[in-house]
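These notes are about the structure you will find just below.
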Amino acid sequence: MSPIGDTVIRKGRKGKDFPFDNKKKVQKINVTVLTSGRWHMFLFGDTAIRKGRNKKVCETQTERIMQRIGNCTVVPLLRTASIQNACRNIQHSCKILIIGGGTGGCTMAAKFTKQYKEPKQVIVVEPSDIHYYQPLFTLIGGGIKLFKSSNRPMAQVLPRNAKWIKDSVITFQPESNNIITSNGDTIQYEIMIVAMGLQLYWDKIPGLIEGLKNPDSQICSIYGPEMVTEVFNKIKKVSNGTAVFTFPNTPVKCPGAPQKIAYIAEDYWQQKKIRDKLKVVYNTSLPDIFGVKKYADSLWAVCKKRGIIVNLQTNLLKIDPDNREAIFQNLKDPDKTFVQKYALLHVTPPMGPPSILKNHTNLTNAAGFLRVDPKTLQHEQYTNIFGIGDCTNTPNSKTMAAISSQSKVVYRNVMDYLAGKEIRSVYEGYASCPLVTGYGKCILAEFDYKLQPLETFPFDQGKEYYMMYWLKKTFFPFLYWNLMLKGNWDGPEVFRKYFNVFKRKSTESVN
């Protein structure tokens, strides 16, 4: 049965009991008829009726609708699935609802489906068909890895026991433990884990989108699957002039990446013996080259040795792709701007929490990030909501390594919450950034909330090592696909404890 206003319509086989025979119950309203091969769908405002396999019967009834009900629009559809989605209003319920199918979402789904093996106990809402291992984008942009190694179908990385709803959230209703998706589905949950990541705001820099679409503009970015494959091609086109790399005045995912691609490009030009014809500039909005002093000192030394110019508190405002000019703002004195010519412009776009999340101010802080306790990762107001990854307001560096440590905390705290126990698991702010400084060279930065080094290995990680480069290029992708996304990686804490014992014994023997 389908209601139209206060009228109820009965759907009969092959249209024999079609509702429009009763003139008294039919009012003049706009009707849209969706058609595809063997199916027709009649939309009445917010109501839809799908009519059966006999196309001739459907066409006859369509004519009667047009005669008796006024305006009618016929819209051809390519797939029956589109028709089926047009009238969805499905109710779901689950124990664990996960919003987002990125690193945090897939990791949490894997952990919880080991606990809740029954189908539909764990639901993941994610609109994308493809899952990307984004830390590889820097190496793809530098010509080190192939794009195909960075992605897999979403259906392959989500656990089988999880129910995947391929859709986006449009409404959060935390008071009633519900969310509503864009196709009208309602999902009720006991626990919700928000793992929505960051949204890229390309349009906030005038000229950026236009420049990225123009293959001759020499504007590029590793921050997007649609354009990362063009970065190395544009690096190879440079033979002289100024190459500029930017860091925006917003939080970003993997904050080391904007300078890593600069180091790789500079090393490439060194190997091609054209470095003396080029000026390499890194313009960052930050007050220092890196947030942790130990690694900042190392990076300053790298830049000094290789002649890379670093301009602090310098923010990209807009681009003139036709003239290859970029306009920058001095954040120390915001009224001052300057124009910089470029032969290559690598842009890290402004980023922020997803728009849908920002619109639900009962869930977020003033900046739009999910408001959670930085230690327990539990929402400050709604105790059955937890957050993980880049969309939260935790002050850690937004990296994959941070999510690995957060996932253990979220899992344990959720299980304690469901058992009625006190939440005790604590996230200390661990994050890691493998700072690739060229081909075969990398500084592995590891640190905590206080921006103090929290290193795993028993030697000084503030130096460049080939081993760290190998970890970044080969081991970490293997770990990601085979351990982390299967819920079997909680970060390097166990190894750190072991190596620290070894480090202490070495120190004692020296003394």
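Mind checking which residues of the stretch 271-283 are out of contact with any strand residue (DSSP E or B) (no Cβ under 7 Å at 6 or more places or on another chain) and without any contact (Cβ under 8 Å) to a residue 60 or more places away in the chain?
Listed by number, the residues that qualify are 272, 273, 274, 275, 276, 277.
Taking the condition of being farther than 15 Å from residue 110 by Cα, touching a residue at least 40 places away in the same chain (Cβ under 8 Å) and among the charged types (D, E, K, R), how many residues in the stretch 481-499 meet it?
Summing the residues that are farther than 15 Å from residue 110 by Cα, touching a residue at least 40 places away in the same chain (Cβ under 8 Å) and among the charged types (D, E, K, R) in the stretch 481-499 gives 2.
Every residue in the stretch 418-438 that is surrounded by fewer than 18 Cβ atoms within 10 Å (Cβ to Cβ) and either within 14 Å of residue 294 (Cα to Cα) or within 27 Å of the chain's Cα centre (by Cα) (or both), please.
425, 426, 428
For the stretch 112-128, which positions are polar (S, T, N, Q) and either surrounded by 23 or more Cβ atoms within 10 Å (Cβ to Cβ) or under 10 Å from residue 96 (Cβ atoms) (or both)?
113, 115, 121, listed by residue number.
Over 23 Å from the mean Cα position of the chain (by Cα) and not assigned by TED's automatic domain parsing to the domain that holds residue 264: is that true of residue 383 in this structure?
Yes.
Output the residue which, of all residues in the stretch 200-218 that are in contact (Cβ under 8 Å) with a residue 12 or more places away in the chain, under 23 Å from residue 148 (Cα atoms) and within 22 Å of the chain's Cα centre (by Cα), is surrounded by the most Cβ atoms within 10 Å (Cβ to Cβ).
If we take residues in the stretch 200-218 being in contact (Cβ under 8 Å) with a residue 12 or more places away in the chain, under 23 Å from residue 148 (Cα atoms) and within 22 Å of the chain's Cα centre (by Cα), then 212 is surrounded by the most Cβ atoms within 10 Å (Cβ to Cβ).
(1) part of a helix (DSSP H, G or I); (2) among the β-branched types (Val, Ile, Thr); (3) more than 27 Å from residue 454 (Cβ to Cβ): which one isn't true of residue 302, the others all being true?
In the conditions (1) part of a helix (DSSP H, G or I); (2) among the β-branched types (Val, Ile, Thr); (3) more than 27 Å from residue 454 (Cβ to Cβ), residue 302 misses (3) alone.
Would the stretch 289-297 turn up any residue that is outside any helix (DSSP H, G or I) and under 30 Å from residue 411 (Cα atoms)?
yes
Given the condition in contact (Cβ under 8 Å) with a residue 24 or more places away in the chain, assigned to a strand (DSSP E or B), assigned by TED's automatic domain parsing to the domain that holds residue 381 and surrounded by fewer than 22 Cβ atoms within 10 Å (Cβ to Cβ), answer yes or no: does some residue in the stretch 134-145 qualify?
Step one: of the stretch 134-145, the residues in contact (Cβ under 8 Å) with a residue 24 or more places away in the chain are 134-145.
Imposing the further condition that a residue be assigned to a strand (DSSP E or B) reduces the set to none.
No, the conditions are met nowhere in the stretch 134-145.
Counting only residues that are more than 19 Å from the chain's Cα centre (by Cα) and outside the structural domain of residue 312 (by TED's automatic domain parsing), how many does the stretch 326-362 have?
2
Condition check ((1) at negative phi; (2) touching an Asp or Glu at 6+ places or on another chain (Cβ under 9 Å); (3) of a type in the set (Asp, Glu); (4) at pLDDT below 95) across all residues:
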| residue | (1), (2), (3), (4) |
| --- | --- |
| 423 | yes, yes, no, no |
| 434 | yes, no, no, no |
| 448 | yes, yes, yes, no |
| 452 | yes, no, no, no |
| 458 | yes, no, no, yes |
| 469 | yes, no, no, no |
| 472 | yes, no, no, no |
| 476 | yes, no, no, no |
| 479 | yes, no, no, no |
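The values are calculated or read from the model by the stated rules, or taken from the named source; none is laboratory data. None of the values given here were measured: they were computed from a predicted structure. When we count neighbours, we look across all protein chains shown, and the Cβ atoms used for this are built from the backbone with ideal geometry, even at glycine.
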